[in-house]
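A short write-up of the structure that comes next.
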């Protein structure tokens, strides 16, 4: 059982002992810390916070704990109920709120939940702000409101519809062009809020869809991370229903992956590549992804005359780099699309609309679209952490071992070889070291990852 405090928020497993898991006491403590920090940084007498949650079984419990804690601090709550991460991000500025909290553990299994913390722009807090909140939680120096100054809850229904309309209003989204293409798709909503939001979008775009796991019960029918090994049902359904492609998201709908008409993965890394290809064809400019993302985005960006840079892993880092370089699209290779014309947050609904526009214009099968992009293959593996493992020392040793190669230490250690790369970093969301590699074929990518893992293990356990 685990509790992780990082740039990605407060994330942990439900149940167990306090301080080691996301127990009710931990939820209250971190909500109080966020509320205390917020009150110190806003000008309004009565701050307001937008809250939404995915469909996790623990969601109502955690939401009640968080909301009532904020009320106790004298903070008003705008309750979106079942929602998506990008929907909450959009709602914060529309409601002129001072902050937001999304209650979701994203791609983690059902025993996990988390508090994702937003500022008044609907964007994730930066590392410095996160550190202040962690210190407040550690010190527990909270000043709660007197009885006459308690906050109030205002329920707000319909924000998914507002979110859909925001997507439809984007300049590069032509509803009639998508409608005339007569697409038919399968949608895997992993029994969370994607099963509510994505059908609304597809209905508005005139796309016929077959729902798969679209009931928001919180009982995930498969591992909710949208990777090939978890999506056998979706792949089979695309083939049996003879659809144009399949769509799958994670439980909070900020990650997006596709399955082609043959039931093969389009590749979550290539979700951003395809969306960027469409956007760059209309509005040339710069792009950003993180250090663990495919080189294909760089290649496509250069083909359109733009510049590409890689940021540290973490949405807030990518957003910061996008603002610095005035990037017109960016995101993360895990299927996260960030399109500033909409908002600075990963958004699967925006990604779906851009992907549909690309297909409506190209009029080619999804498999043909994929084969037209630079062919890179990734391996994504992990090493489970133990308390005695000194990750920083291990990564430093790997940096020294490969000092003659091109090495980046912006985030963990990334080693660029002439025809491949490896990125080693401690996860923000799980107690693991992530080992990502990319090469010209899958065997080389897997072999490189296995070799690096073996070298790390040998360093950790010298004979």
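Any read-out appearing in this document is the output of simple, stated calculations on the displayed coordinates, not a laboratory observation. Here the structure is a predicted model, which means the values were calculated and not measured. Cβ sites come from the backbone with ideal geometry, for glycine too, and all protein chains shown count toward neighbours.
As a size descriptor, the averaged projected area of the C-alpha convex hull of region 254-380 was calculated at 6.8 nm².
Here region 296-450 yields Rg over Rh of 0.99, to two decimals, using C-alpha coordinates and the Kirkwood radius. With one equal scatterer per alpha carbon and no solvent term, the Debye-computed log10 I(q)/I(0) for region 334-391 at 0.19, 0.23, 0.31 1/Å reads -0.88, -1.03, -1.16.
With each label modelled as a point 7 angstrom along the Cα→C-beta vector, the residue 200-residue 128 pair spans 3.6 nm.
Have a look at the DSSP beta bridges in region 286-365 and tell me what percent are antiparallel, nearest 5. Mind showing how you got there, number by number?
On the way: 4 of 10 bridges.
If we restrict to bridges inside region 286-365, about 40 percent are antiparallel.
Based on every Cα atom in region 3-157, Rg and the maximum pairwise Cα distance Dmax equal 13.9, 41 Å.
Quick one: plug the Kirkwood hydrodynamic radius of the chain (C-alpha pairs) into Stokes-Einstein at 4 °C, 1.567 mPa s, and report D in µm²/s. Walk me through the numbers before you get to the answer.
Working: Rh = 22.6 Å.
The Stokes-Einstein estimate is 57 µm²/s.
Model label points for residue 40 and residue 20, set 7 angstrom from Cα along the Cα-to-Cβ axis, are 3.0 nm apart. Here the Debye sum runs over all C-alpha atoms of region 259-305 as equal scatterers in vacuum, and log10 of I(q)/I(0) at q = 0.21, 0.25 Å⁻¹ comes out as -0.71, -0.89. The share of Cα pairs per 5 Å bin across region 377-460, counted from zero up to the longest distance, runs 3, 16, 28, 27, 18, 7, 1, 0 percent.
Solvent-free Debye calculation, one equal scatterer per alpha-carbon of region 231-316: log10 I(q)/I(0) at 0.22 Å⁻¹ equals -1.03. Taking the Cα of residue 402, stepping 7 Å toward and past its beta carbon, and measuring to each backbone N in region 360-381: which are under 18 Å? Label zone hits: 376-381.
Equivalent-ellipsoid semi-axes for region 162-371 (Cα gyration tensor, √(5λ), whole Å, largest first): 25, 18, 16. The Cα-based radius of gyration of region 302-375, divided by its Kirkwood radius, gives an Rg/Rh of 0.98. Here the extension length gained between residue 154 and residue 461 equals 105.0 nm, from 0.36 nm per residue of separation less the Cα-Cα distance.
Any chance you could tell me what percent of the C-alpha pair distances in region 93-244 go past 24 Å? It works out to 53 percent of all Cα pairs.
By the Cα gyration tensor, region 155-211 has an equivalent ellipsoid whose semi-axes, rounded to whole angstrom, run 20, 17, 7 from largest to smallest. Summarising the label geometry, the points placed 7 Å from Cα in the beta-carbon direction at residue 139 and residue 165 lie 4.4 nm from one another. Annotation for region 83-119 versus region 306-368: alpha-carbon center distance of 19 Å. Ellipticity at 222 nm from helices only: DSSP H runs of n ≥ 4 in the chain, each -39500 (n - 2.57), divided by the residue count, give -12000 deg cm²/dmol.
Considering all C-alpha pairs of region 193-286, those separated by over 18 Å amount to 50%.
As an exercise, take the mean of 1/r over every pair of distinct alpha carbons in region 339-427, invert it, and state the Kirkwood radius in angstroms.
Working: mean 1/r = 0.0589 Å⁻¹.
Across region 339-427, the inverse of the average 1/r is 17.0 Å.
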